Amino acid sequence: MHSTEKELSLASNYGATNYKPLPVVLTKGSGIWVEDADGKHYMDMLAAYSSLNHGHCHPRIIGALKEQADKITITSRAFHNDRMGLFLEKLCGMTGFEKALLMNTGAEAVETALKAARKWGKLKRGIENGQIIACKDNFHGRTISVVSFSSEPQYRDGFGPFTPGFKLAKYGDIASMEKLINDKTVAVILEPIQGEAGVIVPPAGYLQAVRKLCDKHNILMILDEVQTGFGRTGKLFAFDHEGIRPDVLVVGKALGGGVYPVSAMLSNNDVMEVFRPGDHGSTFGGNPLGAAVGFAALEVLEDEKLVARSEELGAYFMSKLKTIRSSKIKEIRGKGLMIGLEIKKSAGPARPLCEKLMELGLLCKETHVQTIRFTPPLVITKDELDKAFEIIKSVIK
């Protein structure tokens with residue numbers, strides 16, 4: 001096992017510089033706790049951008065992985081396997097959608113949803129080359145098509161030419177979205193809470209308004225819940241806060257239990273039937289190893305009542321954070337255990353604060369320069385949140 005210094009040197013010498021991680025080298029994890037290469041312990045308050053809702057190395061999920069790994073790991077979609085069907089049944093039963101198309105990463109699932117919307121537009125509405133509306137400050141992945149409708153200059157710089165057919169509305173502004181709809185529009189895609197933008201929560205009733213707008217114009221409402229799904233916001237999905245349902249749901253991250261990449265596009269028959277054999281696919285999508293892990297992750301979510309934990313503990317933690325009196329804080333916002341603490345620009349960027357939190361044993365990450373994101377595993381306890389709060393309070397003040 002390498003020391004922190006040795007590992008950082010190897011990463012610098014041989015790795016691409018497309019990330020700037022905090023200078024910590026993690027070697028072990030259990031629940032919300034991780035250990036670095038020098039034996040120091042930390043509380044993980046990022047949870048791999050919500051991939052670890054179940055905590056690190058959950059024994060039931062790891063058990064499912066090990067058991068399946070000894071049997072068969074991948075078959076490709078050239079053949080059936082004995083795990084995918086059970087997983088699909090569980091996933092559709094829990095989410096209430098009729099069909100699921102399994103992929104691996106969130107970006108792949110987003111691309112699948114975009115292709116489904118365009119194909120639906122052609123076959124169901126006779127629209128060739130359908131237009132899709134997204135929102136400014138979105139984050140849906142890193143593929144060429146996805147960065148084509150990003151409003152973040154760095155995500156686009158040097159990667160053109162870009163995929164046409166996308167327009168950007170102001171997030172949270174329904175009038176801005178409606179102005180962009182025309183006879184070529186087939187869908188809108190948005191996050192119910194914008195994670196990478198700094199945990200931006202839209203005004204109450206916004207998702208309901210988008211739902212009505214899509215119904216009015218007969219276009220698909222696509223929600224990207226890769227980060228917000230499976231209990232992160234205190235509901236199974238963030239759209240549950242407003243009592244609506246999208247036409248297409250994109251999920252990933254926590255679906256793999258923090259162990260293995262598993263993602264899906266979910267919809268009903270009217271949309272899903274536009275795909276015919278050969279239209280779309282993934283060699284690893286629906287593989288038995290991923291299906292076994294995903295099935296276990298969904299069971300743990302239910303059995304350990306992690307959604308209810310997120311709702312209760314999120315409200316508790318938010319209330320404690322709001323007691324911090326500091327001229328550095330601009331706003332604290334979020335839902336469930338998805339909380340952003342925004343630092344005023346006059347107080348400097350959030351990165352140095354994250355580095356100080358790391359020194360004191362708390363792992364967080366800045367997003368959108370000014371915001372510290374707190375998204376711990378949903379298995380965290382009140383006592384652990386209290387410990388985290390005291391560290392955060394000491395650093396902010």
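The numbers here are math on the coordinates, done by the rules we state, and not lab data. Just so you know, these numbers come straight off a predicted model, no measurement behind them. Positions of Cβ are generated from backbone atoms using ideal geometry, with glycine treated the same way; all protein chains shown enter the neighbour counts.
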Extension length gain for ASP303 and GLU359 (0.36 nm per residue less Cα distance), in nm, is 16.7 nm
The alpha-carbon center of the stretch 296-375 and that of the stretch 43-88 are separated, in whole Å, by 27 Å
At the level of C-alpha centres, the distance separating the stretch 251-285 and the stretch 140-179, in angstrom, is 23 Å
The simple spin-label model distance between SER176 and SER327, using points 7 Å out along Cα→Cβ, in nm, is 3.2 nm
Given 76-82, 44-50, 206-212, the highest-first ranking by average Cβ count within 10 Å works out to 44-50, 206-212, 76-82
Any residue on another chain or 5+ positions along whose placed amide H is under 5 Å from the amide H of THR185 is listed here as GLN131
As a percent rounded to 5, the proportion of antiparallel DSSP bridges among beta bridges in the chain is 65 percent
With no solvent term and unit scatterers on the alpha-carbon positions of the chain, Debye gives log₁₀ I(q)/I(0) at q = 0.06, 0.14 Å⁻¹ of -0.24, -1.34
A student asked for the Cα radius of gyration and Dmax of the stretch 266-318 in angstrom ought to give 17.2, 49
Per the 1/(1 + (r/R0)^6) rule, R0 = 35 Å and r from the Cβ atoms of LYS28 and MET94, FRET efficiency to 0.05 is 0.70
Among GluC sites (Glu not before Pro) in the stretch 74-177, those in a DSSP loop whose Cβ has at most 12 other Cβ atoms within 10 Å are GLU128
With GLU366 itself left out, Lys, Arg at +1 and Asp, Glu at -1 over residues whose Cβ is under 9 Å from its Cβ give +3
Which of TYR42, TYR19, TYR316 fluctuates most in a GNM of the chain (C-alpha springs under 10 Å)? That residue is TYR19
By the Cα gyration tensor axes a ≥ b ≥ c (a/c under 1.5 gives rounded; else a/b larger than b/c gives prolate, otherwise oblate), the shape of the stretch 277-389 is prolate
Extension length gain for ASN218 and LYS345 (0.36 nm per residue less Cα distance), in nm, is 41.5 nm
Residue span ASP240 to TYR14: 0.36 nm per residue of separation minus Cα-Cα distance leaves a gain in nm of 76.9 nm
If the label point sits 7 Å along Cα→Cβ of LYS184, residues of the stretch 99-143 with amide N under 12 Å come out as 128-133
